Amino acid sequence: MHEMNELQLRVEKTVVPDAAPEPGLVAPHGLEKIVATFGDIYDYVLPGGSLDPRWQGDYLASVELPFPLPLSWDLSRSVTRMICHKRMVEIFASVVGQVQARGLQSKVSSFGGCFAFRQQRTGAKLSTHSWGIAIDLNPETNAQGSHGSMDGEVIEIFRSAGFEWGGDWSGKLQDPMHFQFCSGY
């Protein structure tokens, strides 16, 4: 995978993972609703295509994870927090907390990333990772374009929280490591 950049490693805000999810936050459908729900990231794209650092202060936060996750690109290192959209902090904390509470920690063997400003790997649109509303887990055994080996209980935990699972997509778009809090994009 890729190295974490300074923007991903910087911790601006710590949030307690036991907080209740934001009331009424529903996974948006389509780009227009993603922008309405999570902000117009296109207003922060600078000439040349990089992301204005103001996006981090305006829209991103750090979420503490209930258990360490090994980095997929360096399994000797683990993360105990990740950067995501500030409206997703409680949702990510809750979902990962449910994985732990159900004794499924061993089914999540590595962390492939959450916030990352980039295009989709199979397209020209921005990835949902750019908003910090997607997470990749276990990339080593869940390559894009494959059926992967993501645990069914982990998938259901994410689905019940409103996430779409990339393993349901077809062909080269199938992405079993990927969970995103939106659909129709």
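The values are calculated or read from the model by the stated rules, or taken from the named source; none is laboratory data. Keep in mind that what you see is a predicted model, and the values were worked out from it rather than measured. No Cβ is skipped: glycine too gets one built from the backbone with ideal geometry, and neighbour counts run over all protein chains shown.
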Notebook entry, point to check: Taking L31 and the conditions (1) touching a residue at least 60 places away in the same chain (Cβ under 8 Å); (2) of a type in the set (A, V, I, L, M); (3) touching an Asp or Glu at 6+ places or on another chain (Cβ under 8 Å); (4) more than 18 Å from F92 (Cα to Cα), which numbered condition does it fall short on, given that it satisfies the others?
Noted result: (3)
Margin query: Looking at the structure I just gave you, is T122 assigned to a loop (DSSP other than H, G, I, E, B), more than 26 Å from E153 (Cβ to Cβ) and either among the aromatic types (F, W, Y) or touching a helix residue (DSSP H, G or I) at 6+ places or on another chain (Cβ under 8 Å) (or both)?
Written below: yes
Notebook entry, point to check: Just checking, which of G113, G145, G152 is touching a His at 6+ places or on another chain (Cβ under 7 Å) and not charged (D, E, K, R)?
Noted result: G113
Margin query: Could you check the stretch 117-135 and list, in sequence order, the residues that are modelled with pLDDT of 95 or more and either under 20 Å from G162 (Cα atoms) or out of contact with any strand residue (DSSP E or B) (no Cβ under 9 Å at 6 or more places or on another chain) (or both)?
Written below: S127, T128, H129, S130, W131, G132, I133, A134, I135
Item checked: Subset of the stretch 157-181 [farther than 18 Å from S130 by Cα, part of a loop (DSSP other than H, G, I, E, B) and touching a residue at least 60 places away in the same chain (Cβ under 8 Å)] -> A161, G162
